[in-house]
Structures are given as C-alpha cells and as structure tokens.
1. Determine the pairs where a residue that is touching a residue at least 40 places away in the same chain (Cβ under 8 Å) and farther than 22 Å from residue 57 by Cβ, located within the range 70-87, has a partner that is assigned to a helix (DSSP H, G or I) and aliphatic (A, V, I, L, M) with Cβ atoms under 9 Å apart, the partner being 6 or more residues away or on another chain.
2. Return the residues of the range 54-69 that are in contact (Cβ under 8 Å) with a residue 12 or more places away in the chain, more than 13 Å from residue 103 (Cα to Cα) and among the hydrophobic types (A, V, I, L, M, F, W, C); say none if nothing qualifies.
3. Among the residues of the range 51-75, write down those that are polar (S, T, N, Q) and either assigned to a helix (DSSP H, G or I) or open to solvent by 50 Å² or more (accessible area, probe 1.4 Å) (or both).
4. Scan 83, 89, 8 and give me the residue that is closer than 19 Å to residue 103 by Cβ and either at pLDDT 90 or above or open to solvent by 30 Å² or more (accessible area, probe 1.4 Å) (or both).
Amino acid sequence: MRKLTGAAALVASIIAAGCTGTTSDSGRVTGPQQPASRATSTLGSCTTLSGLTTLANEVFGAGSPNVQSVIGKLNNLDKFVQAGDTTDAQAQANNIVSFVQMKATQGTLPGT
C-alpha cells in the first residue's frame, strides 16, 4: 500500500508540474489559463524539480535504472517548463506518468 501511495504522489506531482495557471504575487497558482499559443502561455509553479527528484528516488530507489530514467525525463520536463513550452511539458509529464503507472502495474516499485 505504501508503494502505491508513493507512486500516486509522484504521478500527482508530475501532473501538477505540467499544469498551467496564472500566479499571484506570492507565486501561488490562482487559476487555470487557457493559452492561445505557446508564446502566450504561462506555466504555473506547482512543484519543483528537486521535489519531484526526491519523490522519484523514494518510489524507485536511489541509483536504480528506473529512477535514472525518470530523472532524465524530469530534466527534459524542466527544460520545457523553463522554455515556457506548455505543450511539450504536458506531453513529457504524460510520458512520465505512463512510465510510473507501468512500473506500478508490474509491481516493480521498491520503495516509498
């Protein structure tokens, strides 16, 4: 049960990383924004790369091939976020979610 909870937290965080929204002066996401194009979209700050990396290490086990794969995918996601590329950031987040779900279904998540 703990493994599933950790995986669910990682998946939820990744989905949040790909979210869009407007932010207040405090940096908190205040509501969804439907971007007209890539140039005008604003990515929200729903979580951090460091936080997602920590979750990945907890779920997959530090140093494992699976965690290295997820961290690589997270780094690519971060590049898209930093570039303001909402479309590719969301596609990469979905890619990561699919990977985590596949490993959870296979029962290969060693930690939480």
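The values are calculated or read from the model by the stated rules, or taken from the named source; none is laboratory data. Values in this document were obtained by computation on a predicted structure and should not be read as measured data. Positions of Cβ are generated from backbone atoms using ideal geometry, with glycine treated the same way; all protein chains shown enter the neighbour counts. SASA here: full protein model, heavy atoms, side chains in, ligands and nucleic acids out. Shrake-Rupley method; radii C 1.70, N 1.55, O 1.52, S 1.80 Å.
1. 84/39
2. Result: 55, single match.
3. 53, 54, 57, 66, 68, 69, 75, listed by residue number.
4. 8
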